[in-house]
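Please read the structure below before turning to the comments.
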Amino acid sequence: MMMKNWLSLFAAGWVWMAMAGVRGEGANAQPSEAVFAAMIKAWQAPAEPLHVAGPIYFVGTKGLCVWLITTPAGHILLGGGMPQSTSLIVDSIKKLGFKVEDAKILLSNHAHFDHVGTLAELKKLSGGKVMAMEQDVALLASGGKTDYLFAKEERLQFPPVTVDRALKDGDTVELGGVKLTAHRASGHTPGCAVFTMTVEEGGQKYAVVFPDGTSVNPGTRLVKDPSYPGILEDYRRTFALLESLKPDIFLAYHVDDFGFPAKRERAAKEGAQAFVDPAGYRKFIEGRKVKFEELVEKEGK
């Protein structure tokens, strides 16, 4: 398969073949070249940073989210974006009045090139410790070369990075009075993670979830000759986890997954309230679960 088709398949996984310009059906669907080119351009395009709620700030790109969580003892970066995005993230941190050198913890949500591409460089710049679910430690160290789907696709690889702390399901990450809980959300990658925390803004507390692990990249085998043993069960456990959470605010890693463009526009007047969306969270998880089970049913026939 040509590289451009593999890249298209990767992109199609997170958009779930739901955008205009998609060709094909089901697991063989892929966006048109024009749609894909626009998608990659957005993933690497600069975006203005934004305060969300409490210590949480957006420092990502036009298409991908990277979250800065500030504390008096240093900062936490959650997610990392594309390999070419380091300078954009650093500039966004500076615009907010913070320094990348104060990033003490770098958290991986899952080890794919569009989310951890900058971790190796950010680790060098900040001296921060990289933390990830234990099931993704080897994948991060390989730079994507051990990925169950994209191992042979060089352009989907990323600079290798050594994990300083391997997280287990239920572990907490604490810094300067801020605490996040890590939840294993395997399937999309074996060590995909969901993080939860509580923040306060204007005297009101908000439960925050950073959801992940809901999409299936085309080419993934869930039923017949599974991409890795137990992947079907892992995905179902992930959906059960996500269904059990009741956030006020949910912040994903692709801007279209949670209506970020519209919410950030409203935030100019509404502040944190613009991101309060429990109904949107339930709709998002329910929709992704339905699409997942449709893929399982189709593959099982």
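Side notes on the structure shown:
- Prolate/oblate/rounded call for the chain, Cα gyration tensor, a/c under 1.5 rounded: rounded
- Here the 3J(HN,Hα) profile of region 38-55, calculated from phi with Karplus coefficients 6.51, -1.76 and 1.60 at θ = phi - 60°, is 5, 5, 5, 4, 5, 4, 10, 7, x, 9, 5, x, 8, 7, 9, 6, x, x Hz, Gly and Pro shown as x.
- Taking a ≥ b ≥ c as the square roots of the eigenvalues of the alpha carbon gyration tensor, region 101-255 is oblate, as a/c is not under 1.5 and a/b does not beat b/c.
- DSSP beta bridge pairing in the chain, given as percent antiparallel to the nearest 5: 70 percent
- Helix axis angle, 278-300 relative to the chain longest principal axis, alpha carbon, degrees: 20 degrees
- Think of the chain as having a plus end and a minus end, set by charges on the Cβ of Lys, Arg, Asp and Glu; of 130, 195, 34, 34 sits farthest toward the positive end of this dipole.
- Trypsin sites (Lys or Arg not before Pro) within region 116-208: DSSP coil, no more than 14 neighbouring Cβ in 10 Å: 152, 168
Bear in mind that the values in this text are calculations on the coordinates, not laboratory data. Keep in mind that this is a model prediction, so the values were computed, not measured. Positions of Cβ are backbone-derived with ideal geometry, glycine not excepted, and every protein chain shown enters the neighbour counts.
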